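Novice: Encoded as structure tokens, here's the structure I'll be asking about.
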Amino acid sequence: MNSEKFKRAVFIDRDGVINKEVEYLVDVSDFELLSQSAKAIRLLNQSDFLSIVVTNQSAVARGFCDISDIHAINKNMEIELDRQGAYLDAIYVCPCHKEGVNPKYKRDCNDRKPNLGMLEKSRNKFNLDLKQCYIVGDTTTDIMTGKNAGIPSILVNTGHSGRDKLFNVRPDYTTQDLFSAVTQIILDKET
């Protein structure tokens, strides 16, 4: 297959990166875009990178909300981004957790970061060259996902800022926020 047909993407965690971190965000009224996140996504929209959200949402498995609540929050996020001239190319959600109480989602799941299921689905849908993609997140889980995928990872100093300490990994870059991360990605592309 001709490599020119491959696309590239920036995989973006949602909570603490695009929107303000709220422990188990389950109510759309608690959703708040972080400053400059729409500007960052708009910059991606103007580049040759797709903007793809990959988010673990274990609140569903834990019984704190229903999957429809997560979809409502994501729809609200898309509306707020659209108001600022930005859009996401795709949103992937993993509602599963092995310690959940909802039997439908109580399991180990290949989609749950740091596993690669959501990235693989994106790769298949959009014909991505993962080697030319990036992941941006606020937790060591996001950074570990990047390591597992063999792609550069960027830790942002918003949300958890890597303080979750679930994995002993170092990001390839650390930036202030999503806008700084996207700027770094575009600079990398040009060098």
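The values are calculated or read from the model by the stated rules, or taken from the named source; none is laboratory data. Everything numeric here is computed off the predicted structure, so don't read it as measured data. Counting neighbours? That spans all protein chains shown, and the Cβs are built from the backbone with ideal geometry, glycine included. Just the protein is used for accessible areas: all its heavy atoms, side chains included, with ligands, DNA and RNA removed. Shrake-Rupley method; radii C 1.70, N 1.55, O 1.52, S 1.80 Å.
Novice: Which of the numbered conditions does Ala86 fail, given that it passes all the others? Conditions: (1) open to solvent by 80 Å² or more (accessible area, probe 1.4 Å); (2) closer than 19 Å to Phe126 by Cβ; (3) touching a residue at least 24 places away in the same chain (Cβ under 8 Å).
Specialist: Going through the list (1) open to solvent by 80 Å² or more (accessible area, probe 1.4 Å); (2) closer than 19 Å to Phe126 by Cβ; (3) touching a residue at least 24 places away in the same chain (Cβ under 8 Å), Ala86 breaks only (1).
Novice: Restricted to the range 2-38, and to residues that are part of a helix (DSSP H, G or I), charged (D, E, K, R) and without any contact (Cβ under 8 Å) to a residue 12 or more places away in the chain, which residue is surrounded by the most Cβ atoms within 10 Å (Cβ to Cβ)?
Specialist: Asp30
Novice: If the Cβ limit is 9 Å and pairs must be 6+ apart or interchain, which residue in the range 39-50 that is over 17 Å from Gln84 (Cα atoms) pairs with which residue that is among the hydroxyl-bearing types (Ser, Thr, Tyr)?
Specialist: Matching pairs, first to second residue: Phe49/Tyr134; Leu50/Ser122.
Novice: State the number of residues belonging to the range 117-170 that are in contact with a helix residue (DSSP H, G or I) (Cβ under 8 Å, 6 or more places away or on another chain), in contact (Cβ under 8 Å) with a residue 24 or more places away in the chain, under 22 Å from Glu23 (Cα atoms) and buried (at least 18 other Cβ atoms within 10 Å of the Cβ).
Specialist: Matching residues across the range 117-170 total 8.
Novice: Also, quick follow-up: Identify all residues within the range 89-108 that are open to solvent by less than 20 Å² (accessible area, probe 1.4 Å) and not in a strand (DSSP E or B); write none if there are none.
Specialist: Pro95, Cys96, Gly100
Novice: Among the residues of the range 64-71, is any at negative phi, surrounded by 20 or more Cβ atoms within 10 Å (Cβ to Cβ) and either part of a loop (DSSP other than H, G, I, E, B) or modelled with pLDDT of 95 or more (or both)?
Specialist: Scanning the range 64-71, I find at least one residue that is at negative phi, surrounded by 20 or more Cβ atoms within 10 Å (Cβ to Cβ) and either part of a loop (DSSP other than H, G, I, E, B) or modelled with pLDDT of 95 or more (or both), so the answer is yes.
Novice: Does Leu81 satisfy being part of a helix (DSSP H, G or I), closer than 17 Å to Val54 by Cβ and open to solvent by less than 80 Å² (accessible area, probe 1.4 Å)?
Specialist: yes
Novice: So which residues in the range 132-191 are of a type in the set (Gly, Ala, Ser) and over 15 Å from the mean Cα position of the chain (by Cα), if there are any at all?
Specialist: Gly150, Ser180
Residue-by-condition table, conditions (1) closer than 20 Å to Leu130 by Cα; (2) assigned to a helix (DSSP H, G or I):
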residue	(1), (2)
Lys147	yes, yes
Ile154	yes, no
His160	no, no
Asp164	no, no
Asn168	no, no
Pro171	yes, no
Ala181	yes, yes
Gln184	yes, yes
Leu187	yes, yes
